[in-house]
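Chemist: Here's a structure for you.
Throughout, read-outs are computed from the coordinates displayed, never taken from laboratory work. Just so it is clear, the structure is predicted and the values come from calculations on it, not from any experiment. Cβ placement follows ideal geometry from the backbone for every residue including glycine, while neighbour counts extend to all protein chains displayed.
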Amino acid sequence: MKILKYLFLLALLSLVALSVFVATQKGDFTIERSKVINSPRNTVYNYINDFRNFEDFESWAVEDPTMRMSFPSKTIGNGATFSWEGNEGKGNAITLKTKDGESIQQKMNFDGTQADVNWTFKDTLAGKTKVTWKAKGTMSFLFKIYTSINGGSDNVIGTMYEKSLVNIDKNLDYETKTYTIKVNGVVKKTETSYIKQTFTSEIQKVNKNARVVIPKLIQFSKTNGLLTNGKPFIIYHTYDTATGLAKISICLPINRDISISAGSDILSGKLNGFEAVKTTLTGDYSHTSEAIAKAKAFINNEKIVPELSWSHLEILTINKLDVKSPSKLMTEIYFPTKPKVVPVATPVYRPRTEATTEPQKPATPATSTEEEQSEF
């Protein structure tokens, strides 16, 4: 019994000593890690700017199969949030401020350990991106114990960041480079009623704008009892690669024509049926320009006459609201064309010769019935 008593006292003294030691340690920490990612800067920025992708690259999420992540409707940009819970504890994060393509500022809380998190993105040679991930915060008492046992905060958090950056590089390298483009040929599109928002956008920001506008259109349709009639699409009224600008309408198809009162930022419209060259891109939006180039090459090679009153249409058949993997996105691109004119055959008059001419019987006038006369 005395031995057990001494062992208990020893364990208690050790715990007290450890508690005193941890309590005297600084709870503040600053962690920073960088890595060159083998993908373009905008692609990397957009990937990290969406909290839904964190469960695919954060090392503590990848390594903890019990972790459950919860995502609200807004996971991209300022005000985006998500939360998680697993064997190691629970936490949440919010995006406070973004600078498009350049930086993201976030706030994270993990069981009382709080940190200000900052991401920066810089172009490097050969279209790659240097990503710097920095966190500055204060550890909870339990997390100080954990880091003290495991080599310090820089070792614990820094190792997580290093593994996560490797995961980002690996995921994006696969996701952005896995794609297919198929020119389907000439098709006919039927007329479509829709609601829309129209504005001028930078071409490289069109899909980002679509992820903001489409939920608004969906909410508008629900509020007003409208039924959607297909996938969202984008009408490119103009597409100027020289200036990098396009006038676009981001649209949601609906099942009937409607009128919307003046003053609304959401309007209604109808797309008349038309013929077009269809091209299907399966994969990341960054390959859209290549798909457009192949569609135009097909039009030129087949000597098809384009309809130049507007540029083209993109249907977001499988979009970012449906899947989070860029390789699984599907975009149908339609370039309007003028219908081919089929020449009408002209009867050829062949005069008879005397040798072959025979006397003709007098023609008998046709008599119309009452039924035939009633049709005219």
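Chemist: Report the extension gain between LYS216 and THR178 in nm, rounded to one decimal, defined as 0.36 nm multiplied by the number of residues separating them, less their alpha carbon distance. Please report the intermediate quantities before stating the final value.
Modeler: Working: separation 38, 0.36 × 38 = 13.68 nm, distance 3.05 nm.
Full extension from LYS216 to THR178 adds 10.6 nm.
Chemist: What does the net charge come to around ALA115 if you take all other residues with beta carbon closer than 11 Å to its beta carbon, with K and R at +1 and D and E at -1? Don't jump to the answer; show the numbers that get you there.
Modeler: Details: positive: LYS107, LYS134, LYS136; negative: ASP28, ASP116.
My count for the surroundings of ALA115 gives +1.
Chemist: Continuing with this model, one more query. Please work out how many pairs of lysine residues in region 220-316 are eight or more positions apart (or on different chains) and have Cα atoms closer than 30 angstrom.
Modeler: 21
Chemist: Follow-up. Through the Karplus equation 6.51 cos²θ - 1.76 cosθ + 1.60, θ set to phi - 60°, convert the phi angles of region 184-198 into ³J(HN,Hα) values in whole Hz; use x for Gly and Pro.
Modeler: With coefficients 6.51, -1.76 and 1.60, one gets 7, x, 7, 9, 10, 9, 7, 5, 9, 8, 7, 10, 7, 10, 10 Hz.
Chemist: Local charge sum around HIS237 (other residues, Cβ-Cβ under 13 Å, Lys/Arg +1, Asp/Glu -1)? Show your work: numbers first, answer last.
Modeler: On the way: positive: LYS196, LYS247; negative: ASP240, GLU307, GLU314.
For residues surrounding HIS237, the net value is -1.
Chemist: List every residue whose amide H lies under 5 Å from the amide H of HIS312, counting only residues 5 or more places away in sequence or on a different chain, with H placed 1.01 Å from N in the peptide plane.
Modeler: Answer set, sorted by chain and number: TYR236.
Chemist: Further question: Between SER140 and LYS296, what is the label-point separation in nm under the 7 Å Cα-to-beta-carbon projection?
Modeler: 5.6 nm
Chemist: Under a crude label model (7 Å from the Cα following the beta-carbon direction), how far is ASN155 from ASP28 in nanometres?
Modeler: Each label point is offset 7 Å from its Cα along the Cβ direction, giving 2.3 nm.
Chemist: Another question about this same structure. Using Cα pairs closer than 8 Å and at least 6 residues apart in sequence, work out the relative contact order for region 181-337, in percent. Could you put the intermediate results ahead of the total?
Modeler: On the way: 318 pairs, mean separation 48.9, N = 157.
Relative contact order comes out at 31 percent.
Chemist: Can I ask one more? If you stretched the chain out fully between SER327 and GLN105, how much longer would it get, using 0.36 nm times the residue separation minus the C-alpha to C-alpha distance?
Modeler: Working: separation 222, 0.36 × 222 = 79.92 nm, distance 2.71 nm.
Net length gain for the segment: 77.2 nm.
Chemist: Also, quick follow-up: With all distinct Cα pairs included, what does the Kirkwood hydrodynamic radius of region 120-182 come out to in Å, to one decimal, could you say? Before the final figure, lay out the partial values.
Modeler: Values: mean 1/r = 0.0690 Å⁻¹.
Result for region 120-182, one decimal place: 14.5 Å.
Chemist: I've got another one for you. Excluding same-chain residues fewer than 8 positions from LYS338, which aspartates and glutamates have a Cα within less than 12 Å of its Cα?
Modeler: Partners within reach: GLU275, GLU307.
Chemist: Moving to a separate point now. Using only the Cα atoms of region 181-337, what semi-axes does the equivalent ellipsoid have when each is the square root of 5 times a gyration tensor eigenvalue? Give whole Å, largest first. Walk me through the numbers before you get to the answer.
Modeler: Details: eigenvalues 126, 62, 47 Å².
One finds semi-axes of 25, 18, 15 Å for region 181-337.
Chemist: Please list, or write none, the aspartates and glutamates whose alpha carbon is within less than 15 Å of the alpha carbon of LYS136, excluding same-chain residues fewer than 8 places away.
Modeler: ASP28, GLU32, ASP116, ASP154
Chemist: So what's the net charge close to ASP257: Lys and Arg +1, Asp and Glu -1, counting the other residues with Cβ under 15 Å from its Cβ?
Modeler: After counting each charged neighbour, the total is +2.
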